């Protein structure tokens, strides 16, 4: 048994209002540099919709993740030999236009324009070519179902749905899906990187790109089935969500979580058996992957596990944090959080509590007096089709989704009865496999959890790290600190200049990166 | 032996190779961040496909051809029974095909670089310098094979350029071979001396990615872990791999 600690996140989708605050604060923190304009390490998609980049979920075409071939787990885009043979041209690469062509506006025209009959206009200008362009696609182009009557048909999750689901106004449904890097237990991006520049941190499972070793081979972008590894077209290096490791190491939540208006994010660690991951990711039936992944997690309350974990060097405060972990509770104990697209076989570590709304409407506002016979069949008539949720979170297994929704409904009904002193039919809880205590606990954690309950983040043990100097540059974006013009003050250098390689510099002679 | 001969066939190679080796060492140590293949596929891929694939595969075989023709002594071929006729047949046909691949692929890459707006805007001076220098060396070299050797030219680079190059590499240039170089057809002279100019700028361009061909990947575990802690118990889990 090889015990590893791993950070995970749970998002409670019922609470997401699609405000994009997470995306904005993430962008301000990490991707406000040239070459990263188009990157959204955190983005919020409206589902149904094509997503970002377009049709990222269609991994029959995009070739992200793993598949089982002759009983063996193999990268969908091809193994090591095939990668080296195709290194000169990656035929499965998603081009920047599938995200969008980044643009800015010709603001100067607003000031310099001569007097005219009409107001001057700031025309959009491509940041790739500097030329005027027509905007035909952009980030969140499909926000709040905009144009879904056209784009919705391209949502790969609609493939499994019957024709009955139409995009007609009366039948429309939607939900928000905030996405970050999954920091998978079995990351296919790391496995796709020929240079070994991508790695998983031994201590906390965070997946990072070593900016110094990245050689621009681009296979990670194809390898990631969530399309969460981005290509900086200025520096020619891969970049991705860092799980805000500088904050996490200091016991603070990621910036997307910290600023989440709906307080829907939870961060904690789980202990898992690394020796079990390959086997779990290789199970034949896609629908078994969810259970298989649950099977890799270890019980932090088990004294045997604790003893072994200490022996293997997991700090004791981390074991304690694993016990208090909201991720462990929601995913393993309460089983109401589910992994996103487990069928990609990467064992993702950002899990989701599926959305229930609009629950009241489905029951016609008579929730107080309802019996389980009425409530649970109603789940099938929820606005968001069960099949759709199953396609997102359980590789199409509707049984699991129904069980989760049933629990959420039972918890709500129970709490409503309790708060209003109404009679409550205990059968509702029993049928969902719950007790009063569990319902209460679920309510505490999913509805009113405070900051310290939502984020149980043990600090990293930096005192244990040996030669910090040798790690310099490994973790990613230290060059951001040196970007004088990004930080205000100092000489106003062109930020573009900084990202040129250290040689053949065209703009100034200050010390290049790396020296 | 004129001063020009000494410059071209002794000084230039040594200066160039010194810059080539030191340049790579220094850049590798101080500019890991800039050491990339500088792929532009993300910005434009339709026109890259043919050019890049054909060019790169071609140049691999061209490289192997140069090893066979210049670095391996003619006597070795004779010893294993590969005679002049067989060698020349191979050199002209295989070398010719690889050469065509490089010229055609390179031409497509060049066209792409000068006509696709996104690529133009995101090219540095070094990209153009590398491409143009490489293009000239390739064109001159290809002309030698296709226009001279294949049409019955009687200059045998295996008894002139080959030995001279090996003498340079073993630090014992001889007057005889320098004179042999001075007497070589102008095409061959140009190809060799321009190649050395290319080697001198090589470490400062994107061409360094040649040395990053990630063969290590073949022997690596799929998932790479890096540890913060200094104690190395398990070799697999701590290695920092740079190609």
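Which of the residues belonging to region A:243-272 are in contact with a helix residue (DSSP H, G or I) (Cβ under 9 Å, 6 or more places away or on another chain) and either within 14 Å of chain B (Cβ to nearest Cβ) or in a strand (DSSP E or B) (or both)? Walk me through it before giving the result.
In the first step, residues of region A:243-272 are kept if they are in contact with a helix residue (DSSP H, G or I) (Cβ under 9 Å, 6 or more places away or on another chain); the result is A:244, A:247, A:249, A:252-272.
Across region A:243-272, the qualifying residues are A:249, A:265, A:266, A:267, A:268, A:269, A:270, A:271, A:272.
So which helices (runs of 4 or more DSSP H) are wholly in region A:1-101 and hold at least 1 residues that are modelled with pLDDT of 95 or more and within 20 Å of residue A:258 (Cβ to Cβ)?
Working: elements: A:21-30, A:59-62, A:80-85, A:96-99.
Of the helices (runs of 4 or more DSSP H) lying wholly inside region A:1-101, those with at least 1 residues that are modelled with pLDDT of 95 or more and within 20 Å of residue A:258 (Cβ to Cβ) span A:21-30.
Any residue at all in region B:90-108 that is assigned to a helix (DSSP H, G or I), in contact with a helix residue (DSSP H, G or I) (Cβ under 7 Å, 6 or more places away or on another chain) and touching a residue at least 60 places away in the same chain (Cβ under 8 Å)?
yes
Quick grid of which residues meet (1) on the phi > 0 side of the Ramachandran plot; (2) in contact with a strand residue (DSSP E or B) (Cβ under 7 Å, 6 or more places away or on another chain); (3) within 13 Å of chain B (Cβ to nearest Cβ):
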| residue | (1), (2), (3) |
| --- | --- |
| A:26 | no, no, no |
| A:29 | no, no, no |
| A:45 | no, yes, no |
| A:71 | yes, no, no |
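Just the residues that are farther than 13 Å from residue A:440 by Cβ, surrounded by fewer than 17 Cβ atoms within 10 Å (Cβ to Cβ) and in contact with a helix residue (DSSP H, G or I) (Cβ under 9 Å, 6 or more places away or on another chain), please, taken from region A:417-430.
A:420, A:422, A:423, A:426, A:427, A:430
Residue B:191 - would you say it is more than 8 Å from chain A (Cβ to nearest Cβ) and either more than 26 Å from the chain's Cα centre (by Cα) or modelled with pLDDT of 95 or more (or both)? Spell out how you get there, then give the answer.
Details: more than 8 Å from chain A (Cβ to nearest Cβ): yes; either more than 26 Å from the chain's Cα centre (by Cα) or modelled with pLDDT of 95 or more (or both): yes.
Considered against the rule, which asks whether it is more than 8 Å from chain A (Cβ to nearest Cβ) and either more than 26 Å from the chain's Cα centre (by Cα) or modelled with pLDDT of 95 or more (or both), residue B:191 comes out as yes.
Any residue that is within 14 Å of chain B (Cβ to nearest Cβ), in a loop (DSSP other than H, G, I, E, B), within 27 Å of the chain's Cα centre (by Cα) and farther than 30 Å from residue A:464 by Cβ - is there at least one of those in region A:192-212?
Quick first cut of region A:192-212, residues within 14 Å of chain B (Cβ to nearest Cβ) only: A:192-212.
With in a loop (DSSP other than H, G, I, E, B) added as a condition, the list becomes A:193-197, A:202-206, A:210-212.
If we keep only those that are within 27 Å of the chain's Cα centre (by Cα) as well, we get A:193-197, A:202-206, A:210-212.
When the remaining residues are screened for being farther than 30 Å from residue A:464 by Cβ, the result is A:194.
Yes - at least one qualifying residue is present in region A:192-212.
Counting only residues that are within 15 Å of residue B:164 (Cα to Cα) and free of Cβ contacts under 8 Å to residues at least 12 places away in the same chain, which one in region B:1-44 is nearest to the chain's Cα centre (by Cα)?
Within region B:1-44, the match that is nearest to the chain's Cα centre (by Cα) is B:11.
Checking residue B:167 against (1) in contact (Cβ under 8 Å) with a residue 12 or more places away in the chain; (2) touching a helix residue (DSSP H, G or I) at 6+ places or on another chain (Cβ under 7 Å); (3) away from chain A (no Cβ under 14 Å), which single condition isn't satisfied?
(1)
Going by what's in this entry, would residue A:51 be described as in contact with a helix residue (DSSP H, G or I) (Cβ under 6 Å, 6 or more places away or on another chain), more than 10 Å from every other protein chain (Cβ to nearest Cβ), in contact (Cβ under 8 Å) with a residue 12 or more places away in the chain and on the phi > 0 side of the Ramachandran plot?
Working: in contact with a helix residue (DSSP H, G or I) (Cβ under 6 Å, 6 or more places away or on another chain): no; more than 10 Å from every other protein chain (Cβ to nearest Cβ): yes; in contact (Cβ under 8 Å) with a residue 12 or more places away in the chain: yes; on the phi > 0 side of the Ramachandran plot: yes.
In short, no.
Which of the residues that make up region A:361-377 are surrounded by fewer than 16 Cβ atoms within 10 Å (Cβ to Cβ), outside any loop (DSSP other than H, G, I, E, B) and modelled with pLDDT of 70 or more? Spell out how you get there, then give the answer.
Narrowing region A:361-377 to residues surrounded by fewer than 16 Cβ atoms within 10 Å (Cβ to Cβ): A:361, A:364-366, A:368-369, A:371, A:373-374, A:377.
Checking the rest, the ones that are also outside any loop (DSSP other than H, G, I, E, B) come to A:361, A:368-369, A:373-374, A:377.
Correct list: A:373, A:374, A:377.
The values are calculated or read from the model by the stated rules, or taken from the named source; none is laboratory data. These figures come from a predicted structure and were not determined experimentally. Note: ideal-geometry Cβ built from the backbone for every residue, glycine included; neighbour counts use all protein chains shown.
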